[in-house]
Structure formats: structure tokens, C-alpha cells
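Asker: Sharing a structure with you now.
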Amino acid sequence: MIDARGYVCPMPVILVQKEVKAHAPQTMEVMVDNSCSVENVTRFGSSQGYQVSVKPQGQDFLLTLSK
Amino acid sequence: MKKVNYLVISAGIAVGIAALVLTALGNPANMGFCIACFERDIAGAVGLHSAAKVQYLRPEIIGLVLGAFLMSVATKEFRAKAGSAPATRFVLGAFVMIGALVFLGCPLRMVIRLGGGDLNAVVGLVGFVAGIAIGVVFLKKGFTLQRAYAVSTVEGSVLPVVMTGLLILGLAAPALFHASTEGPGSKHAPALIALVIALVVGALAQKARLCMVGGIRDLMLFRDASLLYGFVAIFATVLVGNLILGNFHLGFAAQPIAHSSELWNLLGMVLVGWGSVLLGGCPLRQLILAGEGNGDSAVTVFGMILGAASAHNFGLAGNPDSLNEAKELVVGGIGTAGKIAVILGVVVLLAISLINSRQEVEAK
């Protein structure tokens with residue numbers, strides 16, 4: 001899982017982009033702590049052909065990206 | 001990523017209209033909304049510098065922070081966070097501000113100047129894009145100021161509280177603050193109207209994540225143009241408004257509060273673009289983030305205010321073009337101290353970029 005909590009844009013998306021480039025995983029989980037990052041990671045994930053689901057977890061958000 | 005982000009476009013149009021209205025109501029020409037200029041005016045108002053022409057407690061800055069604060073509380077997006085290299089951010093904020101005041105405007109004013117036909121802003125835009133490109137190179141190399149952590153609500157509320165305090169003092173005891181009687185600082189829209197407009201813009205900018213650097217940066221990093229629509233919407237709105245109002249004047253020389261010393265327009269905005277990428281957002285975005293609980297952005301804003309004070313205490317800021325008594329053009333620009341400050345800024349940004357970039361050996 002990519003823990004991108006504590007980072008503001010564009011860092012969470014950069015972390016996801018690196019993972020996609022390195023391993024092109026079928027599924028991955030990303031944890032972020034702000035709505036802006038939820039929107040940005042979702043947008044990036046969709047552009048890379050992933051389905052993205054978002055689950056709030058307390059103050060944080062767990063995003064699941066899957067192909 | 002081809003989906004058009006209507007919220008960003010709406011926010012951009014709102015900012016453009018706000019700039020036009022505030023200018024019509026008294027703000028300086030092509031300066032309806034300028035984060036750098038207005039923070040400089042606040043620095044002057046509280047006596048941090050003594051440049052008599054640029055001192056005024058600008059309600060726009062107060063309104064932006066409080067608008068973002070109220071919106072983030074209302075939508076439960078307020079998050080008190082801090083601890084991501086605050087001291088480094090303070091320094092970055094100061095140099096971003098010095099770069100902006102060399103050019104005579106933050107990225108937002110650059111767009112507003114473009115919409116007024118000021119071609120010096122095209123040179124500024126070239127520098128701004130170049131600066132962002134340099135920043136993006138370091139982001140790709142692994143640049144990071146590390147993560148922030150949850151802090152107390154009080155810590156996350158420092159800038160909104162400071163702004164509320166300034167507002168109360170400004171209303172209750174206006175004589176406490178310096179206020180220009182001539183020059184840009186003396187030109188302002190009625191304070192309450194400016195405050196209300198800024199509250200609305202701050203709330204919209206928070207919701208839309210409006211950022212002048214983010215659009216170009218995300219396009220370079222992810223081919224994501226969504227934030228760029230805001231940038232374009234502001235430009236288009238201001239351009240159309242100026243054409244209708246007869247305020248569009250195409251040219252380089254003697255533009256309102258601008259100089260045509262192009263090398264320094266360019267290099268000033270390189271500092272702004274580069275520094276803003278390292279900070280994660282333009283000066284406007286820093287105000288908004290500070291409003292939604294980001295203590296690091298609050299520190300950045302304080303750094304920008306210190307940078308503004310330094311820019312005038314040490315004569316670093318640009319001097320506008322002017323006409324002499326014979327109506328001949330006197331090209332403005334910056335003095336030797338300003339040139340040294342810009343070069344020092346480049347060196348400092350390079351050092352910060354290198355020190356905070358982790359060389360990654362990850363195979364592609």
C-alpha cells in the first residue's frame with residue numbers, strides 16, 4: 001500500500017505514477033488524508049485505465065485502484 | 001483526464017470578475033487581485049517596511065484566508081497539519097515573493113496583466129513556465145519536503161486567527177496601521193466590498209483547488225490539464241472585461257505598475273515558478289491551504305511577508321516604467337541589489353532542490 005498521508009498535491013499522484021511506471025500493478029491501495037488528493041489520485045488512476053473506489057477511514061481515505 | 005472541470009472554470013471566471021470589479025472600484029490598474037502586491041501592502045501597513053507608496057491593510061488577503069477557512073470547515077475538509085520542512089518553506093516563501101516583486105506581480109497578477117494587454121507579462125509567463133519546468137525536473141528526481149503530521153486545531157488555525165485579529169484591529173483602530181496617501185497603496189476598493197468579494201473567492205478557490213502553478217505543473221507531470229482551465233478562465237474573463245471596459249492596452253512600454261526590463265521580468269518569474277513548485281502551490285494556493293489548516297502554508301505566508309518587507313527595505317523590488325516631465329519614457333526595472341537578490345534566489349532554490357532530492361535507483 002502507498003501511504004501518501006501528510007503529503008499535499010502533487011506528491012500523492014507522483015507516488016502512484018512511480019508505482020504504475022515501475023510495476024504496472026493490477027490493483028493497488030493508496031492512503032491519503034485530504035479530499036484534494038482523493039480527487040487527483042482518482043483522476044490520474046482513471047486516466048491510466050483503473051477503476052477507483054474511495055473508502056473514508058476516520059480522517060483518512062483509502063483508495064483502491066483496480067484494472 | 002479529458003473531463004472538463006467546471007468547478008475550476010467557474011472559480012476562474014469568479015476570480016476574473018472579482019479582479020475587474022475591484023479594479024473598477026478603485027484597486028490599481030491590472031491589480032484587481034495580486035497576492036504578492038497585497039501581502040507587500042500589508043507588510044507596509046504593519047510597519048515591516050517603510051515604502052510610503054505601498055502600505056495598506058488589504059482586506060482581500062484577509063478575506064481569501066477566511067473564505068477558505070469557512071468553506072473548509074463547512075465541508076469538513078479542514079485538517080490541521082504541519083511539520084513538512086517549515087523553515088525551508090519560510091525561506092522559499094521569501095524568495096518567491098522577492099521574485100514576484102521584481103516582476104511586479106504574483107502569478108495571478110501575471111494572468112491579469114496578460115488580460116490587460118501587458119506584453120511584459122508574456123515574458124513573465126515564459127520565465128514562469130521555465131521555472132515550473134525546473135521544479136518539475138526535481139520533482140521527478142524525487143524532490144520532497146517530507147510529509148506533514150496531524151497537529152492541534154489551534155496550530156492549524158494560526159493564519160485564520162491572525163487574519164481575524166488584523167480584521168478586528170483594522171475596523172476598531174485603523175490608525176494603528178500605515179496607509180499610503182499616494183501610489184498603489186492609496187488605490188483601493190471600499191474595504192467591506194473587497195472583504196466580501198475575497199471571502200467568496202477564497203471559498204471558491206478552496207473548493208476548486210485553484211492554483212496558478214498547478215495547471216502547468218500537472219500538465220508537465222501527468223498530462224493533466226484540469227487545473228489549467230482555471231488559469232485560462234481567469235485570463236479570458238479579464239481579457240473580455242477589459243475589452244468591453246476599454247481598459248485593454250496592448251504593448252510593452254509604460255504599462256500600469258509594470259516595467260519593461262525584460263531579463264529581470266523573466267528571471268523574477270523563474271524564481272516564482274520554481275519556488276512555487278517546490279512549495280506545492282502558488283502564493284494564492286498557500287493562502288488557501290493555510291486557511292484549511294495547513295500550518296506549513298501559514299509559515300510560507302509569513303515568509304512571503306518577510307520577503308516583501310525585505311524587497312522594499314533593501315530596494316530589491318522592480319520600479320515601474322514612468323514618463324518624465326517631457327513625456328519621455330523612463331524604463332523602470334531593478335537596481336543592483338535586486339539583481340543580486342534574484343541570482344541569490346536562484347542559488348538558494350538550486351541548493352534546496354538538490355538537498356531535498358533523493359536519487360532514486362528504481363528500475364523503470
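The values are calculated or read from the model by the stated rules, or taken from the named source; none is laboratory data. Keep in mind it's a predicted model, so treat the numbers as computed, not measured. Here the Cβ positions follow ideal geometry from the backbone for every residue, glycine too, while neighbour counts run over all protein chains shown.
Asker: Quick check: is even one residue across the stretch B:32-39 within 18 Å of B:Leu195 (Cα to Cα), modelled with pLDDT under 95, assigned to a loop (DSSP other than H, G, I, E, B) and more than 14 Å from chain A (Cβ to nearest Cβ)?
Answerer: There is at least one residue in the stretch B:32-39 that is within 18 Å of B:Leu195 (Cα to Cα), modelled with pLDDT under 95, assigned to a loop (DSSP other than H, G, I, E, B) and more than 14 Å from chain A (Cβ to nearest Cβ).
Asker: Tell me, which strands (runs of 3 or more DSSP E) wholly within chain A include 1 or more residues that are within 12 Å of another protein chain (Cβ to nearest Cβ) and surrounded by fewer than 15 Cβ atoms within 10 Å (Cβ to Cβ)?
Answerer: A:51-57
Asker: What residue, of B:Ala85, B:Ala68, is surrounded by 24 or more Cβ atoms within 10 Å (Cβ to Cβ), within 14 Å of another protein chain (Cβ to nearest Cβ) and more than 15 Å from the chain's Cα centre (by Cα)?
Answerer: Result of the check over B:Ala85, B:Ala68: B:Ala68.
Asker: Looking only at helices (runs of 4 or more DSSP H) that fall completely inside the stretch B:87-199, which ones have 3 or more residues that are of a type outside the set (Gly, Ala, Ser) and over 30 Å from A:Leu15 (Cα atoms)?
Answerer: B:107-115, B:120-140, B:158-172
Asker: Given the criteria in contact with a Pro (Cβ under 7 Å, 6 or more places away or on another chain), part of a helix (DSSP H, G or I) and of a type in the set (A, V, I, L, M, F, W, C), does B:Phe69 qualify?
Answerer: yes
Asker: Being touching a Ser or Thr at 6+ places or on another chain (Cβ under 7 Å) and not basic (Lys, Arg) is the filter; apply it to the stretch B:32-65 and report the residue that is surrounded by the fewest Cβ atoms within 10 Å (Cβ to Cβ).
Answerer: B:Ala52
Asker: Suppose the filter is free of Cβ contacts under 8 Å to residues at least 24 places away in the same chain and assigned to a helix (DSSP H, G or I); does B:Leu219 pass it?
Answerer: yes
Asker: Counting only residues that are of a type in the set (Phe, Trp, Tyr) and within 18 Å of the chain's Cα centre (by Cα), how many does the stretch B:191-224 have?
Answerer: Of the residues in the stretch B:191-224, 0 are of a type in the set (Phe, Trp, Tyr) and within 18 Å of the chain's Cα centre (by Cα).
Asker: B:Leu108 - would you say it is touching a Lys or Arg at 6+ places or on another chain (Cβ under 9 Å) and buried (at least 24 other Cβ atoms within 10 Å of the Cβ)?
Answerer: Answer is no for this residue.
Asker: Given (1) of a type outside the set (D, E, K, R); (2) touching an Asp or Glu at 6+ places or on another chain (Cβ under 8 Å); (3) crowded, with 24+ Cβ neighbours inside 10 Å, identify the lone condition not met by B:Gly268.
Answerer: (2)
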